[in-house]
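Asker: Sharing a structure below in structure tokens format, with a few things to ask.
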Amino acid sequence: PEDVGLSPERVARIRTVLEADITADKMPGGVLAIARRGKLAVLETYGFRDKAGGVAMTADSRFNIASMTKAVTSVAALQLYEQGRPLMDEPVAKYFPKFADMKVAQLDAKGETITGTVPAGRKITVQDLFRHTSGLIYGGRGSSVVHKQYPAGSSAAALESGGAEFMDKLATLPLLHQPGTVWDYGFGLDVLGLVIEKISGQSLGQYLQAN
């Protein structure tokens, strides 16, 4: 680590935390990789890949990276932003017109009943997609009647439908929050991926592979 300007003592602190979490059964194991200045400075394995089977973790173990795909999608969108497409304050409705007139749910005190809807105070913007302020929520992250109308998460949505069908459904659902007012982890980056497809004329996978 010191060859690339990292502190060996501070790297050791990371090891201490990982080993403590494994001992406390907070996770079965992990792989620590730290790169700097184009060099891999640390590559270490901890605990088990299969604890029940007694199989030790290996450096080439495969992991489901789940929402880390959001970071990759964000970088792809920022590449296009550097080219002036999209702009941060552009409405999502520019790319998906059905999002032009979104409604926000009004709930009773327990969140069990939608008592009405009000028009969104402003349109959902590209920036809202980046920062989880669109009001488009993950159904699995709450118990209100609005949450129950949304797919539980990205994987569930992908299994249910393709991109076009997904967006058609999403445009019919009430928002839980007014756009731009509340951070609530949800479908913003999924929608941003579909915006990338609209702009590039490629599937998201093709765009990522090429760029």
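The values are calculated or read from the model by the stated rules, or taken from the named source; none is laboratory data. Quick caveat, the model's predicted, so the values are computed rather than measured. So basically every Cβ, Gly included, is an ideal-geometry build from the backbone, and we count neighbours across all protein chains shown. Protein only, heavy atoms only, side chains kept; ligands, DNA and RNA dropped before computing areas. Shrake-Rupley method; radii C 1.70, N 1.55, O 1.52, S 1.80 Å.
Asker: Take the residues of the stretch 172-205 that are open to solvent by less than 20 Å² (accessible area, probe 1.4 Å) and among the aliphatic types (A, V, I, L, M): which is farthest from LEU136 (Cα to Cα)? So that I can check it myself, show each step before the final result.
Answerer: First, the residues of the stretch 172-205 that are open to solvent by less than 20 Å² (accessible area, probe 1.4 Å): 173-175, 179, 186-189, 191-193, 195-196.
From what's left, among the aliphatic types (A, V, I, L, M): 173, 175, 189, 191-192, 195-196.
Working: LEU173: 9, LEU175: 6, LEU189: 10, VAL191: 9, LEU192: 12, VAL195: 15, ILE196: 18 Å.
It comes out as ILE196.
Asker: Report yes if GLY53 is among the small types (Gly, Ala, Ser), open to solvent by less than 40 Å² (accessible area, probe 1.4 Å) and farther than 30 Å from VAL145 by Cα, otherwise no.
Answerer: On the way: among the small types (Gly, Ala, Ser): yes; open to solvent by less than 40 Å² (accessible area, probe 1.4 Å): no; farther than 30 Å from VAL145 by Cα: yes.
No.
Asker: Filter the stretch 8-32 for residues that are surrounded by 13 or more Cβ atoms within 10 Å (Cβ to Cβ) and not in a loop (DSSP other than H, G, I, E, B) and give the result.
Answerer: Applying the first criterion (surrounded by 13 or more Cβ atoms within 10 Å (Cβ to Cβ)) to the stretch 8-32 yields 11, 14-15, 18-19, 21-22, 27-32.
Hits for the stretch 8-32 are VAL11, ILE14, ARG15, LEU18, GLU19, ASP21, ILE22, GLY29, GLY30, VAL31, LEU32.
Asker: List the number of the failed condition for TYR46; all other conditions in (1) more than 30 Å from LYS198 (Cβ to Cβ); (2) hydroxyl-bearing (Ser, Thr, Tyr); (3) modelled with pLDDT under 95 hold.
Answerer: Only one criterion in (1) more than 30 Å from LYS198 (Cβ to Cβ); (2) hydroxyl-bearing (Ser, Thr, Tyr); (3) modelled with pLDDT under 95 is unmet by TYR46, namely (3).
Asker: Looking at (1) surrounded by fewer than 16 Cβ atoms within 10 Å (Cβ to Cβ); (2) modelled with pLDDT of 95 or more; (3) within 24 Å of the chain's Cα centre (by Cα), can you tell me which one ASN64 breaks?
Answerer: The one condition ASN64 does not meet is (2).
Asker: In addition: Is the stretch 157-167 home to any residue that is at pLDDT 95 or above, part of a loop (DSSP other than H, G, I, E, B) and open to solvent by less than 40 Å² (accessible area, probe 1.4 Å)?
Answerer: Looking for residues that are at pLDDT 95 or above, part of a loop (DSSP other than H, G, I, E, B) and open to solvent by less than 40 Å² (accessible area, probe 1.4 Å), one finds none in the stretch 157-167, hence no.
Asker: Shifting gears a bit: Under the condition of being open to solvent by less than 30 Å² (accessible area, probe 1.4 Å) and part of a strand (DSSP E or B), which residue from the stretch 90-130 is farthest from GLY186 (Cα to Cα)?
Answerer: Out of the qualifying residues, it is GLY116.
Asker: Under the condition of being at pLDDT 95 or above and of a type in the set (S, T, N, Q), which residue from the stretch 67-82 is farthest from VAL31 (Cα to Cα)?
Answerer: GLN79
Asker: Looking at GLY54, is it in contact with a Phe, Trp or Tyr (Cβ under 8 Å, 6 or more places away or on another chain), on the phi > 0 side of the Ramachandran plot, without any contact (Cβ under 8 Å) to a residue 60 or more places away in the chain and small (Gly, Ala, Ser)?
Answerer: Working: in contact with a Phe, Trp or Tyr (Cβ under 8 Å, 6 or more places away or on another chain): yes; on the phi > 0 side of the Ramachandran plot: yes; without any contact (Cβ under 8 Å) to a residue 60 or more places away in the chain: yes; small (Gly, Ala, Ser): yes.
So GLY54 fits the description; yes.
Asker: Scan the stretch 131-148 residue by residue and report those that are crowded, with 18+ Cβ neighbours inside 10 Å and either part of a strand (DSSP E or B) or of a type in the set (Ser, Thr, Tyr) (or both).
Answerer: THR133, SER134, ILE137, TYR138, SER144
Asker: Name the pairs: first residue in the stretch 20-43 and closer than 17 Å to LEU6 by Cβ and in contact (Cβ under 8 Å) with a residue 40 or more places away in the chain, second residue outside any loop (DSSP other than H, G, I, E, B) and of a type in the set (Phe, Trp, Tyr), Cβ to Cβ under 7 Å, at least 6 apart or on different chains?
Answerer: none
Asker: Of all the residues that make up the stretch 34-86, how many are touching a helix residue (DSSP H, G or I) at 6+ places or on another chain (Cβ under 7 Å) and assigned to a loop (DSSP other than H, G, I, E, B)?
Answerer: Total meeting the criteria: 3.
Asker: Among GLY201, GLY180, which is the only one that is more than 19 Å from the chain's Cα centre (by Cα) and of a type outside the set (Val, Ile, Thr)?
Answerer: GLY201
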